[in-house]
Amino acid sequence: QVQLVESGGGLVQAGDSLKLSCVTSGLTFNRYAMGWFRQAPGKALDFVALISRSGATTNYADAVKGRFTISRDNTKNTVFLQMNSLEPEDTAVYFCAADQRINGSPHSSEYDYWGRGTQVTVSS
């Protein structure tokens, strides 16, 4: 059974940092690109960042470029999202997802497996 479990969310103030983790099991981690998506209350699911199977390629939404960094540890079957200079607009539930393609995709429909999400709330 494939499982993706996010952690690291919380309530922080604007300008603070958080590091999200997503631990996977039941899949061959290094054969999946990984993505982070987020969904704010009443809004659609948005792409945040992705990382290729090897970690050599990353891609970010314009809204988080320069502030967020995605990384992965293939020895620990884990993907991370380092979030710096957080803004109230970053408030959302953050989901990690796994995509069997080499480089991943910014489109949520392309992903095969999803976690249940972790809440990030940024106060002003």
Identify the trypsin sites (Lys or Arg not before Pro) of the range 17-56 meeting these criteria: DSSP loop state and at most 14 other C-beta atoms within 10 Å of the C-beta. Lys43
Label model pair Asp46, Lys19: point-to-point distance (7 angstrom along the Cα→beta-carbon line) in nm is 2.5 nm
Once R0 is set to 22 Å, what does the formula 1/(1 + (r/R0)^6) return for the Cβ-Cβ distance between Ala63 and Arg116, expressed as a FRET efficiency to the nearest 0.05? 0.45
Cα centroid of the range 81-107 to Cα centroid of the range 1-71, whole Å: 3 Å
Mean separation of Cα contacts under 8 Å (at least 6 apart) over the residue count of the range 1-80, i.e. the relative contact order in percent, is 27 percent
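Every number here is computed from the coordinates shown, using simple stated rules; none is lab data. Predicted, not measured: the structure shown is a model, and the values here were computed from it. Counting neighbours? That spans all protein chains shown, and the Cβs are built from the backbone with ideal geometry, glycine included.
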